[in-house]
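Notes for the one structure printed next.
The values are calculated or read from the model by the stated rules, or taken from the named source; none is laboratory data. Just so you know, these numbers come straight off a predicted model, no measurement behind them. Here Cβ is always computed from backbone atoms with ideal geometry, including for glycine, and neighbour counts include all displayed protein chains. To get the accessible areas, we keep the full protein, side chains included, count just its heavy atoms, and leave off ligands, DNA and RNA. Shrake-Rupley method; radii C 1.70, N 1.55, O 1.52, S 1.80 Å.
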Amino acid sequence: MGYQSGQTRVTQLDGLRGIAALVVVACHVLSTLPGLGSVVSGNRSVGLSTAGMWAVFSPLHVLWNGTPAVHVFFVLSGFVLVLPFTRPGAVASWAPYYAKRFFRLYIPAWASLAVAVALIAIIPRSASPLQSPWADMYVIDPSVGQVFKDALLLLNASTINTPLWSLKWEVAFSLLLPAYVIIALRWRRFWHVKIGLALLLAVVGALQHLEWLSYLPIFAIGAILGTERERIRELTQSWPRFVWFFVAAAGLFLANAEWISPEQPIPGVEAVVTVGATLIVLLFVSCRSAKKLGDTAIAQWLGRVSFSLYLVHLPIILAGVTLLRSVSLPLALAVSVAASFVVAELFYRYVEQPAQRLSIAAGRAVQSRIRREARADGPPIPPAAEATSRHLVKSSAGT
């Protein structure tokens with residue numbers, strides 16, 4: 001989940017990913033409440049209490065705003081995944097990477113889909129005035145066709161396990177990674193211009209309601225930041241604390257731009273959210289205080305199980321609400337959140353970790369086959385090249 005540069009692992013990015021996953025959980029928990037969920041599902045004119053108004057239309061919303069959290073995921077994916085391929089001569093073949101990436105993404109996704117289907121079978125979802133209209137949207141009786149469609153991770157996800165929608169873009173980015181590597185490595189002195197162009201494309205995508213043009217440039221921003229991480233550190237290492245305070249405030253404000261007032265947000269606000277997410281990642285890469293936050297024990301644990309937590313939490317929350325809402329909705333949410341954390345840890349141990357090991361084994365197997373074919377077809381591969389290939393598979397294992 002983090003990355004290695006030499007012998008230094010940037011562990012605070014693991015922590016940032018964990019914090020973002022926690023924000024997504026908070027978003028889905030609070031969205032099940034009738035008042036807040038009505039606003040989230042589109043009705044900004046619904047009557048809210050004073051506390052509700054503060055929760056939605058104030059900076060507090062950033063604590064449970066799932067949209068910028070997902071944008072942070074996308075920036076981090078670009079940052080992390082591009083790194084093993086930016087070393088000169090690092091890539092002899094892309095086949096090991098694709099083999100590894102397939103198992104790393106698809107096995108946990110399929111397992112989470114199975115968990116969601118099982119929970120719906122045991123506790124069928126149903127609409128109720130005791131929960132929000134947002135929660136009612138997730139009432140579904142899964143068909144075999146819907147399950148197989150969701151399992152492809154190439155189309156829009158149904159409401160069986162809606163967080164899978166973001167994996168569509170993770171898969172697209174993973175398939176297009178060679179192009180992102182070229183973008184990150186070419187014209188490196190103009191890295192800031194490339195980031196600006198990526199943001200411009202995201203603005204066009206947001207204004208034209210083109211999802212692919214809104215989301216795919218976010219990964220490019222992360223890839224460029226990751227490639228230029230040392231240059232960025234040199235530029236920012238002497239920044240005083242008040243500058244970082246401004247960066248943090250600007251990042252959080254822009255990330256929450258969709259909810260700064262009860263009025264409908266401006267067209268293209270998704271691109272503004274991307275700017276906020278980028279500043280938040282920059283903060284955790286270079287600011288000492290943010291690094292300490294990302295390296296706290298709770299953030300590190302959240303980072304370790306973040307992918308698992310992201311995949312399993314919503315079906316658990318919806319099942320818990322359905323089962324216990326007639327008793328007490330707050331109790332249902334508390335039990336559901338606790339269960340989500342427990343299941344995330346178990347899912348990490350018994351699904352995600354085995355998937356990681358299988359992905360590494362698959363990458364090594366493909367690399368070994370390539371080496372055997374190369375020996376059969378030409379002169380032996382130099383030992384240095386073999387060492388580079390082994391490092392390539394190992395370095396990309398945790399992304």
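Quick notes on this structure:
The rows are residues; the columns are (1) open to solvent by 10 Å² or more (accessible area, probe 1.4 Å); (2) within 21 Å of ILE280 (Cβ to Cβ); (3) over 18 Å from the mean Cα position of the chain (by Cα); (4) not aliphatic (A, V, I, L, M).
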residue	(1), (2), (3), (4)
VAL24	no, yes, no, no
HIS28	yes, yes, no, yes
SER31	no, no, yes, yes
PRO34	yes, no, yes, yes
SER41	yes, no, yes, yes
MET53	yes, no, yes, no
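- Meets criteria (within 30 Å of ALA374 (Cα to Cα), touching a residue at least 12 places away in the same chain (Cβ under 8 Å) and assigned to a helix (DSSP H, G or I)) for LEU81: yes
- SER143, sole failed condition from (1) within 24 Å of VAL24 (Cβ to Cβ); (2) of a type in the set (Gly, Ala, Ser); (3) more than 18 Å from the chain's Cα centre (by Cα): (1)
- Per-region count, the range 45-78, residues assigned to a helix (DSSP H, G or I) and either among the small types (Gly, Ala, Ser) or closer than 30 Å to SER368 by Cα (or both): 8
- Residues that are crowded, with 21+ Cβ neighbours inside 10 Å number at least 2 in the following helices (runs of 4 or more DSSP H) confined to the range 104-193: 133-136, 165-175, 177-185.
- Filter result for GLY78 (modelled with pLDDT under 95 and not hydrophobic (A, V, I, L, M, F, W, C)): no
- Test for LEU207: is it in contact (Cβ under 8 Å) with a residue 60 or more places away in the chain and either open to solvent by 90 Å² or more (accessible area, probe 1.4 Å) or more than 20 Å from the chain's Cα centre (by Cα) (or both): yes
- Output for the range 146-172, where each listed residue is more than 19 Å from VAL25 (Cβ to Cβ), among the aliphatic types (A, V, I, L, M) and in contact (Cβ under 8 Å) with a residue 40 or more places away in the chain: ALA151, LEU153, VAL171, ALA172
- Residues in the range 302-349 that are touching a residue at least 12 places away in the same chain (Cβ under 8 Å) and surrounded by fewer than 16 Cβ atoms within 10 Å (Cβ to Cβ): 3 in all.
- Top-ranked residue of the range 250-285 - restricted to ones that are of a type in the set (Ser, Thr, Tyr) and within 19 Å of HIS71 (Cα to Cα), ranked as surrounded by the fewest Cβ atoms within 10 Å (Cβ to Cβ): THR278
- Residues of the range 276-301 satisfying the condition of being under 18 Å from GLU228 (Cβ atoms) and free of Cβ contacts under 8 Å to residues at least 40 places away in the same chain: LEU279, LEU283
- Output for the range 219-250, where each listed residue is of a type in the set (Ser, Thr, Tyr) and under 27 Å from the mean Cα position of the chain (by Cα): THR227, THR236
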